[in-house]
Amino acid sequence: MTRLVAVLGALVVAVSISGPASAAGWEPINGTGSTWSQNALDQWRRNVSANYGMQVGYTGSGSSAGRTDYINGAVDFAVSEIPFQSNPEDGSPPEVPPRGYAYMPIVAGGTAFMYHLNIGGKRVTNLRLSGAVITKIFTGSITKWNDPEIQSDNPGLAMPDKAIVPVVRSDGSGSSAQFSLWMSKQHPDLWTAGMRSQFPIPANGKGQARSDGVAGYVSQAYGEGAITYVEYSYAIESGFPVAKVLNAADYYVEPTANSVAVALLQAQINTDAASAEYLTQILDGVYNNGDPRTYPLSSYSYMIVPTVVGGTFTEAKGATLGAFGSYMLCEGQQQAADLGYSPLPMNLVLAGFDQIKRIPGAGSASVDPNACNNPTFKPGDSPSSNQLALTAAQPAECDRRGPNQCTTGTAGAKEDTPVTGTGGGGSAAGGAAGPGAADAPVAGGPAAAGTAVYDEFGNLISGDGAVAGVATASPFTIGDDGWGWEESVMLGAVVLLLGAVILPPFLSPRLRRANGPGDTSTTGAAR
C-alpha cells in the first residue's frame with residue numbers, strides 16, 4: 001500500500017509540474033516560408049514552448065515555398081514578405097489559395113548588405129554604398145571593389161583591386177522580391193526586371209539557397225570579396241558587418257531597430273478590407289523618406305493565417321495560432337531589436353489583432369492593446385506614434401556624404417576600421433539625440449544593450465545578462481481552453497490517492513479477522 005501511495009503521489013506531482021504550460025492542451029501547429037524572419041520566429045517558438053507548452057513547428061523553406069504549401073493545404077500557416085502573386089514572374093499559374101486567408105504583420109526589419117572585405121589584412125567594417133552602386137553590383141556592371149563609384153562612397157578607405165562576388169538567392173525568396181522591388185522603384189534605368197522572387201544570378205555572382213546559405217557563403221574564408229542581401233539579423237548572428245546605405249537625406253545609415261522604425265513611419269498600408277492585398281505594405285514613402293535617421297530598405301514580414309477551416313488546419317489549432325499570434329505582436333516584440341529586427345509599431349499591431357479575430361477558434365486570444373507589452377507604444381498612445389522613432393538619435397556628421405567617413409563598425413562587427421584613404425574619420429556614435437531622447441531611453445539596439453528591460457510581471461526580457469537566444473520572454477494572458485485530459489488525469493490521481501489514504505483504516509479490521517491469529521502474511525506481519 002505504501003508503494004501505491006508513493007506511485008500515486010509521484011503521478012500527481014508529475015501532472016502538477018506540467019503546470020499551466022501543458023494544462024491548456026494546445027494543439028500543435030506547423031508552418032513554412034520566409035527565412036528573412038526565421039531568426040525571430042525560431043526564438044518566439046522556443047519561448048512559447050518553454051513557457052506554455054505550445055508546439056509551433058516551422059521550416060524556413062523560402063517565401064515562395066511557404067505560399068505554395070499554404071495553397072496545397074499542407075500547413076496551418078505560412079510566412080512571406082510579399083503577398084500571393086496573381087502573375088508570377090516565372091510564368092507559373094496565379095497563386096490562388098482554395099481557402100480564406102489574411103495577412104498578419106509579424107516583424108519589421110531592414111534588408112541588409114552583408115559583406116566580407118579586407119584592406120591590408122584588416123577587415124573592413126564601415127563600408128558605405130549608394131543605391132545606384134548597389135544596383136550596379138547586383139546587376140554585374142560594377143565588378144571590382146576599387147571601382148571609382150565605390151571609392152567615391154568611401155573616402156576613408158583605399159579600396160582594393162579585388163573582384164566583387166555578388167551572392168544572391170537561388171530559391172524563390174521574399175528577400176529577393178523586396179530587394180528587386182526597391183531597385184525597380186529607385187533605379188528603373190539600371191534594373192528593368194521588376195519585382196523578382198527568383199533573382200537572376202549575375203555572370204560574376206553565386207547563387208545560394210536560403211538566408212543562412214547566402215550569409216554562410218559570405219562568412220567563409222573563400223567568401224572574401226563577396227557581398228549579399230540578407231536580413232540584418234543574419235549579419236549580427238554571423239559576426240559580420242553590413243554596408244551603410246545612402247538615404248534620401250544624403251546620410252549613410254545602418255539598418256538598426258531605430259532606423260527601421262523611423263523609416264516605417266512613412267509606410268502606407270492597403271486598408272481596403274475587400275482587397276486581395278489587404279494589409280500589404282506600400283513602401284514608396286519609405287524608400288524616399290527625408291528623415292536623416294532612416295534606412296531606405298525597411299519593410300516587414302507577414303504571417304498568412306487561415307480565416308476558414310481547411311487543409312491541415314482545424315478550429316482547435318486556431319486557438320494555438322491565435323495565442324501565438326498575440327504573443328508575437330506583443331511580448332515577442334521585446335526581443336526584436338536584440339535579434340536584429342525592429343519591433344512592429346502600434347498601427348501594425350492593431351491591424352494584426354484584427355486578423356487574429358478572423359482565425360477560427362482564436363476567440364480566447366488577447367487582442368487588447370492596453371495589455372500588449374510592445375516596446376513601440378504604451379497605453380494611451382496614438383497608432384501613429386512610435387517610441388523608438390521618438391528617441392532615435394540623429395546620424396553622426398561623418399555619416400553624411402562628403403570627405404569624411406565614420407570608422408565605427410556595424411552589425412556583428414563593431415571594431416573600428418582605420419582610415420586608409422584620403423578622407424578623414426570620425427565616430428558614428430557622435431550623432432545628436434532624437435527629439436524625445438531626454439524623456440525616454442532608446443529601446444533596443446547596441447546603445448541599450450546593457451540596460452535591463454523588464455515586462456509588467458517583473459521578468460527580465462533583455463539586457464543585464466539576458467541572452468536573446470534563450471527563452472526569456474515572460475508569461476502573458478492566455479484564454480482558458482476549458483477542461484482537458486490533463487485535468488481529468490490529475491483529478492483521477494487525486495481521487496485514487498485519497499482512496500489509498502482513507503480506505504485502509506476501515507479495511508484493516510476485516511483483514512485481521514480474515515487472516516486469523518496464526519497468519520504470517522505481510523498484512524498480518526505488518527499488524
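The values are calculated or read from the model by the stated rules, or taken from the named source; none is laboratory data. From a predicted model like this one, the values you see are computed outputs, not experimental measurements. Using ideal geometry, Cβ is built from the backbone for each residue, glycine included, and neighbour counts are taken over all protein chains shown. The area values use the complete protein model at the heavy-atom level, side chains included, leaving out ligands, DNA and RNA. Shrake-Rupley method; radii C 1.70, N 1.55, O 1.52, S 1.80 Å.
Numbers for the structure displayed
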item: Residues of the stretch 426-440 satisfying the condition of being modelled with pLDDT of 50 or more and surrounded by fewer than 18 Cβ atoms within 10 Å (Cβ to Cβ); result: Ser427, Ala429, Gly430, Ala432, Ala433, Pro435
item: Neighbours by Cβ (under 6 Å, 6+ apart or cross-chain): first from the stretch 240-267, within 22 Å of Ile137 (Cα to Cα) and in contact (Cβ under 8 Å) with a residue 40 or more places away in the chain; second assigned to a helix (DSSP H, G or I) and open to solvent by 30 Å² or more (accessible area, probe 1.4 Å); result: Phe240/Ser219
item: Residue within the stretch 77-86 that is over 26 Å from the mean Cα position of the chain (by Cα) and open to solvent by 20 Å² or more (accessible area, probe 1.4 Å) present; result: yes
item: Subset of the stretch 247-284 that is assigned to a helix (DSSP H, G or I) and open to solvent by 30 Å² or more (accessible area, probe 1.4 Å) - its residue that is farthest from Ala428 (Cα to Cα); result: Asp284
item: The one condition in (1) open to solvent by less than 50 Å² (accessible area, probe 1.4 Å); (2) modelled with pLDDT of 95 or more; (3) not in a strand (DSSP E or B) that Val167 fails to fulfil; result: (3)
item: Some residue of the stretch 298-321 being over 21 Å from Tyr58 (Cα atoms) and either open to solvent by less than 10 Å² (accessible area, probe 1.4 Å) or among the hydroxyl-bearing types (Ser, Thr, Tyr) (or both); result: yes
item: Answer residue from the stretch 384-409, given it is modelled with pLDDT of 95 or more and touching a Leu at 6+ places or on another chain (Cβ under 9 Å) and is least open to solvent (accessible area, probe 1.4 Å) among those; result: Gln405
item: Unmet requirement for Asn289, which otherwise passes all of (1) within 19 Å of Ala393 (Cα to Cα); (2) of a type outside the set (Lys, Arg); (3) within 19 Å of the chain's Cα centre (by Cα); result: (3)
item: Candidate set from the stretch 354-383 (those that are farther than 16 Å from Ala102 by Cβ and not in a loop (DSSP other than H, G, I, E, B)); member that is most open to solvent (accessible area, probe 1.4 Å); result: Asn370
item: Breaking point among (1) outside any strand (DSSP E or B); (2) over 23 Å from Thr408 (Cβ atoms); (3) at pLDDT 95 or above; (4) out of contact with any His (no Cβ under 7 Å at 6 or more places or on another chain), for Ala132; result: (4)
item: Residues of the stretch 413-424 satisfying the condition of being within 23 Å of Glu231 (Cα to Cα) and open to solvent by 30 Å² or more (accessible area, probe 1.4 Å); result: Lys414, Glu415, Asp416
item: Selection status of Asn72, surrounded by fewer than 16 Cβ atoms within 10 Å (Cβ to Cβ), at pLDDT 95 or above and over 21 Å from Ser211 (Cα atoms); result: yes
item: Check on Ser176, open to solvent by less than 10 Å² (accessible area, probe 1.4 Å) and farther than 30 Å from Thr420 by Cβ; result: yes
item: Close pairs from the stretch 104-119: first over 29 Å from Leu279 (Cα atoms), partner among the aromatic types (Phe, Trp, Tyr), Cβ under 7 Å, at least 6 apart; result: Met114/Tyr234; Met114/Phe240; His116/Phe240; Leu117/Trp145
item: Near pairs, Cβ below 9 angstrom, 6+ apart or cross-chain, from the stretch 140-164 (within 17 Å of Pro202 (Cα to Cα) and open to solvent by 20 Å² or more (accessible area, probe 1.4 Å)) to any residue that is modelled with pLDDT under 95 and aliphatic (A, V, I, L, M); result: none
item: Yes/no for Arg99 being part of a helix (DSSP H, G or I) and open to solvent by less than 40 Å² (accessible area, probe 1.4 Å); result: no
item: Long-range neighbours under 6 Å by Cβ, at least six apart or interchain, first residue over 21 Å from Leu339 (Cβ atoms) within the stretch 408-419, second small (Gly, Ala, Ser) and at pLDDT below 95; result: Thr408/Ser427; Thr408/Ala428; Val419/Gly425
item: Looking only at the stretch 179-213, and only at residues there that are assigned to a helix (DSSP H, G or I) and either open to solvent by 50 Å² or more (accessible area, probe 1.4 Å) or among the basic types (Lys, Arg) (or both), the one that is nearest to Ile236 (Cα to Cα); result: Asp212
